[in-house]
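In what follows, a structure is listed as structure tokens, so that the remarks can point back to it.
The values are calculated or read from the model by the stated rules, or taken from the named source; none is laboratory data. None of these values were measured; they are calculated from a predicted model. Cβ placement follows ideal geometry from the backbone for every residue including glycine, while neighbour counts extend to all protein chains displayed.
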């Protein structure tokens, strides 16, 4: 049996955090049905094709601008434990699938919503993307060089602060619903979630151990012993011996004095320059050899092409290949109820007939009239 076996999830097609949440739930055994748009109105979901974020899900394509299509969606709502959607505030209400309607159909439903700015507040109606949300949460301002912030792709807002927070929220609410029979709305905002990820850093700041100048702190590239250095072949190594015993091993392998004081921030710029001059004398592979079998906390910076082949990742099956597409494996690992590691993403509408049959609907008639595709 899977960890989330028997949990029924309805996902309204979107991009980014909502399908990521659905993927995580599907990986661990939830039955996720994704409602897609008709082919003519599919947008980016068509460009992405069989997106790995949709692995393990079932797909039904419904015209939600058609009242009969909305009725079919509500039949699915009635059978679901969780609904997840990632549209701007008001979109679901205008479709006739807002939380009031859905909870009226199914009082036990957990209605999960993920947006950038949340369902309320002065910016709730504004458009934005990951970079905008993490700019306002304070995350973007703490990353990068003193001259300018660094952009962490869309990992912090969309996926860490959005999709993962939504997954946690809907499971927490589902646990409550199973005990009480009462559903609720989960309002997952990327601005809130990305702010939450900074909890430890803001605690350090409150204690006087962090300041607002980028690349001047322990964990933001300020410290020479927590940094990235270029190597002779144009690649990089990641250095992170924070603890004193690990720093001692680090200095020993580099042939530097064990008495070097690396805790004085005033000395950090000169020490970083010294380490830059040292690391550029060997290739990344040569430095791997130097630091093999030691707790000096020095490892190669791998590309997305290299990472799946790295021996440790290969041994743990950190990456999998499905239909020739390399992708991260489900995580975390459970000893008794492991996740499914080889589920294929469905073609859009692949399961339309089967799902309609489960509802007792005439698929041929609905397909002929374009209510579903």
Residue 322 meets each of (1) in contact with a helix residue (DSSP H, G or I) (Cβ under 8 Å, 6 or more places away or on another chain); (2) at pLDDT below 95; (3) loosely packed, with under 14 Cβ neighbours inside 10 Å with one exception, condition (3)
State whether one or more residues within the range 18-36 are modelled with pLDDT under 95, in the same structural domain as residue 87 (by TED's automatic domain parsing) and crowded, with 17+ Cβ neighbours inside 10 Å. no
Could you please let me know if residue 118 is touching a strand residue (DSSP E or B) at 6+ places or on another chain (Cβ under 6 Å) and assigned to a loop (DSSP other than H, G, I, E, B)? yes
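Taking residue 113, is it in contact with a strand residue (DSSP E or B) (Cβ under 8 Å, 6 or more places away or on another chain), free of Cβ contacts under 8 Å to residues at least 40 places away in the same chain and closer than 18 Å to residue 190 by Cα? Can you show your working first?
Values: in contact with a strand residue (DSSP E or B) (Cβ under 8 Å, 6 or more places away or on another chain): yes; free of Cβ contacts under 8 Å to residues at least 40 places away in the same chain: no; closer than 18 Å to residue 190 by Cα: yes.
No: the conditions fail for residue 113.
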Selected residue (criterion: farthest from the chain's Cα centre (by Cα)) from residues of the range 142-172 that are in contact (Cβ under 8 Å) with a residue 40 or more places away in the chain and surrounded by fewer than 16 Cβ atoms within 10 Å (Cβ to Cβ): 146
Select from the range 342-373 the residues that are free of Cβ contacts under 8 Å to residues at least 40 places away in the same chain and in contact with a strand residue (DSSP E or B) (Cβ under 8 Å, 6 or more places away or on another chain) and write down the one among them that is surrounded by the fewest Cβ atoms within 10 Å (Cβ to Cβ). 342
Going through the range 169-218 in order, the residues found to be touching a helix residue (DSSP H, G or I) at 6+ places or on another chain (Cβ under 9 Å), under 20 Å from residue 104 (Cβ atoms) and either at pLDDT below 95 or not in a helix (DSSP H, G or I) (or both) are 182, 183, 184, 185, 186, 187
